[in-house]
Structure formats: structure tokens, C-alpha cells
1. Report the residue count in the stretch 103-153 for those that are touching a residue at least 12 places away in the same chain (Cβ under 8 Å), aliphatic (A, V, I, L, M) and closer than 30 Å to LYS78 by Cα.
2. Which of (1) within 28 Å of LEU67 (Cα to Cα); (2) at pLDDT 95 or above does ARG139 not meet, given it meets every other one?
3. Specify the residue that is modelled with the lowest pLDDT; the eligible residues are those in the stretch 154-167 that are open to solvent by 60 Å² or more (accessible area, probe 1.4 Å) and not polar (S, T, N, Q).
4. Within the stretch 39-60, restricting attention to residues that are open to solvent by 50 Å² or more (accessible area, probe 1.4 Å), part of a loop (DSSP other than H, G, I, E, B) and at pLDDT 75 or above, which residue is nearest to LYS116 (Cα to Cα)?
5. Output yes when any residue across the stretch 61-83 is more than 19 Å from the chain's Cα centre (by Cα), hydrophobic (A, V, I, L, M, F, W, C) and either at pLDDT below 95 or part of a strand (DSSP E or B) (or both), and no when none is.
6. For PRO132, are the conditions met, namely being in contact with a helix residue (DSSP H, G or I) (Cβ under 6 Å, 6 or more places away or on another chain) and at pLDDT 90 or above?
Amino acid sequence: QVLAACSDVQSRAGINNHNIGKIVETMAKSFDYVVIDTAPRLHGAFPSVLERSSMILVVTTPDAPCLKNTKLMLETLKGQHSFQDKVKLVVNNPYRADTLANSEVSNILDHPVFWKIPHDSVVAECIRMGQPCTQAKPRAKFSRNMVELARTLSGSPTSEKGLFGWR
């Protein structure tokens, strides 16, 4: 299920921290997992959403501008002691060229890398098709990585045979 953001400015008038909080609480009662994709800023309803979260995934790419912004975000989150233990760093590697190693990213950001998403050219193909990679290309490196991330986050065991029954 997806609850999309408002598409027009007029519909956003009633959105505030209180209403966002009610929506998140209602969703948490109806679903085992609630994933909230937010803007990369700590303002508006964002802090109230973080307070209700059991885990916060901060997604970054290994390029200088993004790492700078991520460092600022992590420092802000670390300043909020209620958030500190919830934060997990995910590095999305959308580039073909070799980029910074996890250890370098971890050192720059002063935060351990929880997960690394590999480059996979099928992502662009799936975007053009308008289909999720895990459905359109389930054997792709990216798809397998996403399934493993979901299993890790949910605490589900990995299959003895491997993903989708193969090794």
C-alpha cells in the first residue's frame, strides 16, 4: 500500500505535525511495517515522524556534495539523543566507476555503514518500464540486494538455498 504525498499546494494546507502523527499511528496499527520516504531536511513534520520511528535509514551516495549533506544530517540526528541509536546508514552506489569504500565513507561521516546498495544497470531499465526491479528483474544484483535488505530489516532468516531457491 502507498500513501502518496499531495500533488497540489492547496491540499497541503491541513498538513501539520499533529495530523502527520495521527496518520503514522493509524498506519502502524494496520501494517507490520511503515516506510516513510521524506525530504532530506529536518523541518516541518519530519521530527515528529522520526520520534515515532523504530529505525531511521539515512540513504546517501558516495559523492562529495551528498556526503557533506549526509554528515550534517547525521550530526543533527546525533544531537537528538532519542534518534541516535535508531540511525542506520545506507550507501547507494548508482555509479559504475569505483567509488569510496565503506570504510572511507564511514570515516568521513563518522558513522558505520549498515548497508551498501550496488550499482546495477537494470535499475534504469526498470524505471523506464515503470516496474519495481524485484518484480521485473528478480535475479538482478539490485533486486537480490533489496530482498536481502528487507529480510535483514525485518529479521527474517535468509534461505538455505539462497534467494529464490538458487545459489
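The values are calculated or read from the model by the stated rules, or taken from the named source; none is laboratory data. Bear in mind that the values here come from a model prediction, so they are computed numbers and not experimental data. Note that each Cβ is placed from the backbone with ideal geometry, even for glycine, and that neighbours are counted across all protein chains shown. Each accessible area value is taken on the protein alone, full model and side chains, heavy atoms only, with ligands, DNA and RNA left out. Shrake-Rupley method; radii C 1.70, N 1.55, O 1.52, S 1.80 Å.
1. 9
2. (1)
3. That would be ARG167.
4. Among those that are open to solvent by 50 Å² or more (accessible area, probe 1.4 Å), part of a loop (DSSP other than H, G, I, E, B) and at pLDDT 75 or above, it is MET55.
5. Among the residues of the stretch 61-83, at least one is more than 19 Å from the chain's Cα centre (by Cα), hydrophobic (A, V, I, L, M, F, W, C) and either at pLDDT below 95 or part of a strand (DSSP E or B) (or both), which makes the answer yes.
6. no
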